[in-house]
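Structure first, commentary second.
Values quoted throughout were computed directly from the atomic coordinates according to the rules given, and no laboratory measurement underlies them. These numbers come from a predicted model, not from an experiment.
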Amino acid sequence: MQIHLENNGKKGAFFIEENGERLAAMEFTMAGEHKMIIDHTEVDDRLRGQGAGRQLLDQLVAYVRENHIKVIPLCPFAKSRFQKDASIRDVLV
């Protein structure tokens, strides 16, 4: 699955698209230059059980590490993943 990023500087998403249809997305809002709020994660039923949500989160974590951004996970899915995986908690505020 190829993950894409859209970011207008204030809001954005990491997403998976197939034939022009968005099948999964992790949406975020920037809270200043160095903080990102994960608002919402949605995965289409066709991708459920394939790890799409985790792949989106992994891509987001790589992006924020590279860009020195800290994360506030308000989305229940993202919040639960951060609680379960200590190896990605370094990006949290």
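Note on Lys11: aspartates and glutamates with a C-alpha under 15 Å away, same-chain residues under 8 apart excluded, are Glu27, Glu33, Asp39.
Convex hull volume of the Cα atoms of the chain, normalised per residue: 90 Å³.
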